[in-house]
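The values are calculated or read from the model by the stated rules, or taken from the named source; none is laboratory data. None of the values given here were measured: they were computed from a predicted structure. Because the Cβ atoms are built from the backbone with ideal geometry, glycine has one as well, and the counts that use them run over all protein chains shown.
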Amino acid sequence: MIAGRKAVRRSIQKTPASLGFRFPAEWEPQAAVWLSWPHKLTTWPGQFRPVPYCFARIVAAISRYENVRINAARKLHSRARRLCAAAGAEMTRVEFFDHPTDDAWCRDHGPIFVKKDRSGEVAVTDWRYNAWGDKYPPYQHDNAIPLLIAEKLQFRRFENDMVLEGGSIDVNGRGALLTSEQCLLNRNRNPNLTQAQIEQNLREFLGVQTILWVGEGIVGDDTDGHIDDMTRFYREDGLITAVERNQRDPNHRILAANLERLKGFRTSRGKAFNIVTLPMPRAVAFQGRRVPASYANFLVINGAVLVPTFRQKRRDAEACEIIGSCFPGRAVVPIDCFHLIWGLGTLHCISQQQPA
């Protein structure tokens, strides 16, 4: 528990939602994408060397469409800049911040930005981060990132003592939030909160009304079922969801059960969601360990959607085509994440969008 968090939480007189803030959908206009530069060797045991180069290529891809803001201890800046420039990044759109981190998963330790439509004000919601149930200490630097970003940007900050990672939720920007029971109801996150209390926190701080729950996450996911490896909104009334065709694969049952739940969900107008199915890649393993490779971990940015690929030519191409059909008018940019996934996450996991 970080000192002062509970006191700060009780001192807030008005919640973000009561002030008119909401968590915008990922396809809405963005001012920047935030990343945290990789440096922790044990996150990619035995195969860290290619990871900074992969990050640099991702920075380059994003910078062709919008600004990239990177958390990193100052001692990392020089080499990181050289790698990004060598990868072809538009360096006028790349900015480094002297924000030390413990690890690279900015989706989970970074701020969740909310926006007030009437005034255009963007604010930071700052949730407690405990490295997915205290699995990977230390994480003090990571937990401080939302505060550092809020101070640097001079944004209003709303603090909440509930543990919440950005990869565990997805929103349509119009009142619906998608998450999983395995993650948000896990005893390693918020053992003192009921489901109703968790839902109320989400409503008050993210400006949502409806919480849609699926069950389990995919095999190999050390985050206990993050939604961004399974199912995502692609429009207000549309969901794109991973399915496993191989009935002998343990993900087949998990994702089939997920799909059945999605079919029962209803939009704010009482209609069924449009559901697009997305194949899983063939199982990927390193050192005998299966990793959570999933095309659902794509990242939507201004004018493009970045899609993780896993050196599986036909499936990669099929996934890019399906995801591209969900985002007409956006370029589809495949990103080789073969080495990145050994850290147990890819494009969405390493990034956090800042609304414009």
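Any residue in the stretch 127-135 that is in contact with a helix residue (DSSP H, G or I) (Cβ under 6 Å, 6 or more places away or on another chain) and either of a type outside the set (Val, Ile, Thr) or more than 16 Å from residue 205 (Cα to Cα) (or both)?
For the stretch 127-135, residues in contact with a helix residue (DSSP H, G or I) (Cβ under 6 Å, 6 or more places away or on another chain) and either of a type outside the set (Val, Ile, Thr) or more than 16 Å from residue 205 (Cα to Cα) (or both): present.
In the stretch 262-293, what residues are assigned to a strand (DSSP E or B), over 26 Å from residue 237 (Cα atoms) and hydrophobic (A, V, I, L, M, F, W, C)?
Within the stretch 262-293, 284, 285, 286, 291 meet the criteria.
Going through 234, 295 one at a time, which residue ends up being under 30 Å from residue 68 (Cβ atoms), surrounded by 14 or more Cβ atoms within 10 Å (Cβ to Cβ), touching a residue at least 60 places away in the same chain (Cβ under 8 Å) and in contact with a strand residue (DSSP E or B) (Cβ under 8 Å, 6 or more places away or on another chain)?
234
Determine which single condition residue 311 fails, assuming it passes every other condition in (1) of a type in the set (D, E, K, R); (2) surrounded by 17 or more Cβ atoms within 10 Å (Cβ to Cβ); (3) within 22 Å of residue 46 (Cβ to Cβ).
Answer for residue 311: the failing condition is (2).
Filtering the stretch 314-356 down to residues that are hydroxyl-bearing (Ser, Thr, Tyr) and under 25 Å from residue 47 (Cβ atoms), which residue is farthest from the chain's Cα centre (by Cα)?
The residue in question is 346.
Scan the stretch 159-198 residue by residue and report those that are of a type in the set (Gly, Ala, Ser), farther than 23 Å from residue 355 by Cβ and surrounded by fewer than 20 Cβ atoms within 10 Å (Cβ to Cβ).
196
Can you give me the number of residues within the stretch 1-45 that are at pLDDT 95 or above and either loosely packed, with under 15 Cβ neighbours inside 10 Å or assigned to a loop (DSSP other than H, G, I, E, B) (or both)?
Here the count works out to 19.
What number goes with the only condition from (1) over 13 Å from residue 240 (Cα atoms); (2) surrounded by fewer than 21 Cβ atoms within 10 Å (Cβ to Cβ) that residue 301 does not pass?
Unmet condition: (2).
Can you tell me which residues in the stretch 314-344 are in a helix (DSSP H, G or I) and aliphatic (A, V, I, L, M)?
317, 319, 322, 323, 340, 341, listed by residue number.
Which residues, taken from the stretch 168-221, are outside any loop (DSSP other than H, G, I, E, B), of a type in the set (Val, Ile, Thr) and free of Cβ contacts under 8 Å to residues at least 40 places away in the same chain?
If the condition is that a residue be outside any loop (DSSP other than H, G, I, E, B), of a type in the set (Val, Ile, Thr) and free of Cβ contacts under 8 Å to residues at least 40 places away in the same chain, then 198, 211 are the ones that fit.
Of the residues that sit in the stretch 56-71 and are out of contact with any strand residue (DSSP E or B) (no Cβ under 6 Å at 6 or more places or on another chain) and of a type in the set (Gly, Ala, Ser), which one is surrounded by the fewest Cβ atoms within 10 Å (Cβ to Cβ)?
60
Would you check if there is a residue in the stretch 106-127 being of a type outside the set (Ser, Thr, Tyr) and more than 19 Å from residue 157 (Cα to Cα)?
No, there is no match, as no residue in the stretch 106-127 is of a type outside the set (Ser, Thr, Tyr) and more than 19 Å from residue 157 (Cα to Cα).
When you scan the stretch 294-313, do you find a residue that is of a type in the set (Gly, Ala, Ser), outside any strand (DSSP E or B), in contact with a Leu (Cβ under 7 Å, 6 or more places away or on another chain) and closer than 21 Å to residue 251 by Cβ, even just one?
yes
Suppose we filter the stretch 89-139 for residues that are of a type in the set (Phe, Trp, Tyr) and within 24 Å of residue 21 (Cβ to Cβ); how many remain?
Qualifying residue count for the region: 4.
Please give the number of the condition residue 86 fails out of (1) out of contact with any Leu (no Cβ under 7 Å at 6 or more places or on another chain); (2) crowded, with 17+ Cβ neighbours inside 10 Å.
Residue 86 satisfies all of (1) out of contact with any Leu (no Cβ under 7 Å at 6 or more places or on another chain); (2) crowded, with 17+ Cβ neighbours inside 10 Å except (2).
Out of the residues in the stretch 125-158 that are in a loop (DSSP other than H, G, I, E, B), free of Cβ contacts under 8 Å to residues at least 40 places away in the same chain and not aromatic (Phe, Trp, Tyr), state the one that is surrounded by the fewest Cβ atoms within 10 Å (Cβ to Cβ).
Applying the filter and picking the extreme gives 154.
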